[in-house]
């Protein structure tokens with residue numbers, strides 16, 4: 001009996017030693033910082049990757065704030081650093097846990113709201129943010145209802161065994177294609193639901209798929225996405241195991257091969273920007289890579305949806321140098337921005353990732369353009385909201401989806417006109 005008890009204690013200690021430790025949301029503060037000089041901004045950014053700090057909004061623009069979540073253990077110290085260096089800040093959330101709990105309650109209430117008439121009868125009605133199984137059911141519903149134009153594709157399997165789905169919307173002709181993905185960062189709930197809204201509108205607009213094929217991957221990181229609902233709202237990475245570390249997951253948007261680990265990525269498995277042990281170490285990024293390469297002759301434009309911040313970004317993320325076709329990239333982005341603004345006046349900041357936001361190598365948009373061969377490649381940072389940015393209120397799902405779809409019309413028309421039909 002004593003021997004069994006000793007073994008039990010030993011196993012428990014071993015399990016505890018290997019248990020993943022997540023930053024506590026209790027007492028975590030959201031701090032908005034205005035650094036008015038490069039020196040001050042660099043000081044603030046020096047805490048990126050330090051345990052207890054989660055930079056949820058970084059920028060290269062001194063006129064825009066930096067938003068960071070700081071654990072209760074680090075908050076007093078960090079605010080003293082800001083004060084000593086005369087860096088302006090304000091605490092806009094005193095306890096992130098309270099806001100996460102409020103979001104859960106709001107979600108439950110939103111799920112019971114009656115849908116708009118246009119969504120009646122759908123398995124998902126855009127009143128709240130969908131779990132992974134709801135996304136899958138919705139895609140199956142679309143394919144069943146629009147079997148003449150919609151096809152469900154299995155493009156890979158996540159680390160935990162979830163299917164990564166793409167939906168193809170096509171008239172059946174051999175047309176140039178647009179690829180959209182969302183949800184590579186788990187906590188960015190606005191991205192997957194916006195991609196579902198785009199799907200919903202595309203199948204109802206034959207003129208948009210008559211001359212362009214559409215591939216849409218609503219959640220590229222299903223494991224991480226599901227984890228944000230079940231366990232930890234602010235989770236960002238995949239859920240893969242790293243040998244020798246109790247910290248799980250890789251930042252999928254630092255895991256692509258082009259200039260991997262050059263800048264803006266971490267080699268620490270515990271960092272939110274951990275780039276992985278090697279390029280394409282993650283089955284999720286492999287799935288996107290393989291899909292792009294298999295369809296590189298037809299894909300002419302790539303959009304990856306993220307949140308938050310209202311940005312339309314194009315390569316490069318690893319250097320401040322601009323691609324040769326930057327004028328075309330900017331012109332098309334400006335047209336998309338005008339279309340978005342036509343609905344509710346929402347405006348986006350446009351430019352290359354490094355020059356407008358921050359340098360970060362290993363992103364999907366850089367790889368898709370630089371190696372995947374898709375010249376027109378964009379990261380769309382959708383609007384934020386709520387208290388800490390990623391918590392877009394459910395009431396804004398449809399407005400954000402609707403204005404985003406206005407930009408989809410612009411992208412679709414441009415590809416149809418530039419490349420025409422490639423049918424034999």
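The values are calculated or read from the model by the stated rules, or taken from the named source; none is laboratory data. Keep in mind the model is a prediction, meaning the values are calculated, not measured. As a convention, Cβ positions derive from the backbone with ideal geometry for all residues, glycine included, and neighbour counts pool all protein chains shown.
Given the options 309, 345, name the one that is over 18 Å from the mean Cα position of the chain (by Cα) and on the phi > 0 side of the Ramachandran plot.
Selected residue: 345, the only one of 309, 345 that is over 18 Å from the mean Cα position of the chain (by Cα) and on the phi > 0 side of the Ramachandran plot.
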Worksheet item: Only one of (1) part of a loop (DSSP other than H, G, I, E, B); (2) surrounded by fewer than 18 Cβ atoms within 10 Å (Cβ to Cβ) is not met by residue 48, so which one is it?
Response: (2)
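Kindly indicate which of 317, 252, 276, 264 is free of Cβ contacts under 8 Å to residues at least 40 places away in the same chain, surrounded by 20 or more Cβ atoms within 10 Å (Cβ to Cβ) and either within 30 Å of residue 174 (Cβ to Cβ) or out of contact with any strand residue (DSSP E or B) (no Cβ under 6 Å at 6 or more places or on another chain) (or both). Even if it seems obvious, please write down each step before you answer.
Numbers: 317 fails: free of Cβ contacts under 8 Å to residues at least 40 places away in the same chain; 252 fails: free of Cβ contacts under 8 Å to residues at least 40 places away in the same chain; 264 fails: free of Cβ contacts under 8 Å to residues at least 40 places away in the same chain.
It is 276.
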Discussion item. For region 201-210, check the following and say yes or no: at least one residue is within 20 Å of residue 299 (Cβ to Cβ), surrounded by 21 or more Cβ atoms within 10 Å (Cβ to Cβ), at pLDDT 95 or above and touching a strand residue (DSSP E or B) at 6+ places or on another chain (Cβ under 6 Å).
Written reply: yes
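Yes or no, residue by residue, for (1) at pLDDT below 95; (2) surrounded by 17 or more Cβ atoms within 10 Å (Cβ to Cβ):
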residue	(1), (2)
328	no, no
350	no, yes
359	yes, yes
411	no, yes
